[in-house]
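Input: a single structure, listed below in structure tokens.
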Amino acid sequence: MAKDKKNRQTALITGASSGIGYELTKHFAKEGCNLVLVARNKQTLDKIAEDLEDEFGISASVIPSDLSSPISPDEIIAELMKMSIQVDILVNNAGFNEYGPFHKTDLQKELQMIQVNLVSLTHLTKLFLPGMLEQGFGKILNVGSTGSFVPGPLNAVYCATKAYVLSFSEAIAEELKGTGVTVTVLCPGATDTNFAKKADIENVLIFKSKLLLMDAETVAKIGYNALMKNKRVSIAGFLNKIQIFSVRFTPRSIVAKLSKYFMSR
């Protein structure tokens with residue numbers, strides 16, 4: 001990439017303040033990509049932006065935004081226009097979970113989860129695609145889950161949102177073939193971040209397994225490399241790949257039982 005900050009590609013990353021999103025910011029910055037960091041906490045984003053600029057010599061802008069609000073994507077676009085920033089790479093990473101039996105979980109949290117995991121992701125993709133197509137280049141990284149492939153008892157709404165992310169990403173990737181714009185979906189399994197703590201699932205079996213639990217930096221690197229190689233689907237981790245491969249040959253009723261088992265305390 002060019003050394004001049006103004007001539008570098010720019011990546012916008014949602015959920016950039018922690019976990020996989022934060023680790024992705026470092027991978028893009030290391031390769032000389034300017035950044036737009038999106039999350040709710042402005043103070044945290046400002047500190048991350050300052051650190052990235054100092055360490056990697058890139059330009060990092062901050063847009064505090066709550067993607068559970070339906071107007072958030074339009075507000076993000078408006079801020080980018082004010083700053084005269086053109087986004088070349090979109091990373092839809094923001095997401096959260098509401099854990100438990102569906103009849104006991106919090107409806108408002110689940111509706112917010114649908115908004116963040118699914119609606120805002122779709123909205124942002126819709127808003128950024130025309131500009132990417134016009135310039136004949138663009139990359140989109142959507143973060144799904146190994147839950148994208150299975151029904152998720154105790155995780156019913158979360159896995160459903162991630163199933164959408166996988167299907168949506170693969171579909172538009174095919175639509176965009178030959179345009180210069182690519183779409184990649186990263187599907188992590190259990191990852192050591194604040195995600196599990198916020199969802200109160202640190203003690204479920206899949207997050208207690210030392211074999212299955214991956215660190216955020218490794219997952220981010222897998223996602224970044226997959227995006228750069230124009231892969232459509234990237235499942236993070238060898239054991240996760242084996243699990244998802246085996247799903248193809250297992251009756252759905254058994255898959256649901258196994259999924260419930262791994263998500264149980």
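Along the positive direction of the dipole of the chain (beta-carbon charges: Lys, Arg +1; Asp, Glu -1; about the Cα centre), which of 100, 169, 65 reaches farthest?
Result: 100.
Considering only protein heavy atoms and a probe of 1.4 Å, how much of the accessible area of the chain is carbon and sulfur, as a whole percent?
54
Non-local amide H neighbours of residue 60 (under 5 Å, H modeled in plane, Pro and chain starts lacking H): which ones?
Correct list: 35.
Gaussian network model of the chain, Cα springs within a sub-10 Å range: biggest mean-square fluctuation belongs to which of 236, 78, 11?
Judging by the Gaussian network model, the answer is 78.
Given charges of +1 on the Cβ of Lys and Arg and -1 on the Cβ of Asp and Glu, with all other atoms neutral, how large is the dipole of the chain about its Cα centre, in debye to the nearest 20?
That gives the chain a dipole magnitude of about 940 debye.
May I ask you to derive the relative contact order of segment 115-177, considering only C-alpha pairs under 8 Å and at least 6 residues apart, and to give it as an integer percent?
The value is 32 percent.
Ranked by accessible surface with a 1.4 Å probe, highest first, in what order do 83, 132 come?
Per-residue accessible area, sorted high to low, gives 83, 132.
Under the rule of at least 5 residues apart or a separate chain, name every residue whose amide H is placed under 5 Å from the amide H of residue 192.
Correct list: 214, 215, 216.
Quick check: with the 1.4 Å probe, what order do 104, 208 take by accessible area, largest first?
Greatest to least solvent exposure: 104, 208.
Just the accessible area per residue of segment 106-169, please: how many Å² with a 1.4 Å probe?
Counting only protein heavy atoms, the per-residue value for segment 106-169 is 37 Å².
Between 169, 120, 59, which gets the highest mean-square fluctuation from a Gaussian network model of the chain, Cα cutoff 10 Å?
With Cα springs under 10 Å in the chain, the top fluctuation among 169, 120, 59 is at 59.
Which ³J(HN,Hα) values, rounded to whole Hz and listed in residue order, are derived for segment 72-84 from phi using the Karplus coefficients 6.51, -1.76 and 1.60 in 6.51 cos²θ - 1.76 cosθ + 1.60 with θ = phi - 60°, glycine and proline given as x?
After applying 6.51 cos²θ - 1.76 cosθ + 1.60, I find 4, x, 5, 5, 5, 4, 4, 5, 5, 5, 4, 8, 6 Hz.
Using the Karplus curve 6.51 cos²θ - 1.76 cosθ + 1.60 with θ = phi - 60°, what ³J(HN,Hα) values do you get for each residue of segment 28-45, in whole Hz, with x for Gly and Pro?
For segment 28-45, the Karplus curve yields 5, 5, 4, 8, x, 8, 5, 10, 10, 9, 10, 5, 7, 8, 5, 4, 5, 4 Hz.
Along the three principal axes, how long is the chain when you take its alpha carbons, biggest first, rounded to the nearest angstrom?
Taking the Cα atoms of the chain, the three principal extents are 54, 40, 33 Å.
Among 8, 248, what's the order by accessible area (1.4 angstrom probe), most exposed first?
Of 8, 248, the descending order of accessible area is 248, 8.
Pairs 139/197; 104/221; 82/198; 104/257; 208/257: which exceed 25 Å Cα-Cα?
139/197; 104/221; 82/198
Rank 151, 101, 188 by mean-square fluctuation in a GNM of the chain with C-alpha springs under 10 angstrom and give only the top-ranked residue.
101
About the Cα centre, and with charges only on the beta carbon of Lys, Arg (+1) and Asp, Glu (-1), how big is the dipole of segment 213-265? Nearest 20 debye, please.
280
Around residue 65, which amide H atoms from residues at least 5 apart in sequence, or from another chain, sit under 5 Å from its own amide H, with H modelled in the peptide plane?
39, 40
With every protein chain kept in place and ligands, DNA and RNA left out, what is the accessible area per residue of segment 29-79? Probe 1.4 Å, answer in Å².
48
Roughly how many Å is it from the Cα centre of segment 203-265 to that of segment 149-192, as a whole number?
13
The values are calculated or read from the model by the stated rules, or taken from the named source; none is laboratory data. Here the structure is a predicted model, which is why all the values come from computation and not from measurement. Here the Cβ is made from the backbone with ideal geometry for all residues, glycine too, and neighbour counts use every protein chain on show. These area figures cover heavy atoms from the full protein model, side chains too; ligands, DNA and RNA do not enter into them. Shrake-Rupley method; radii C 1.70, N 1.55, O 1.52, S 1.80 Å.
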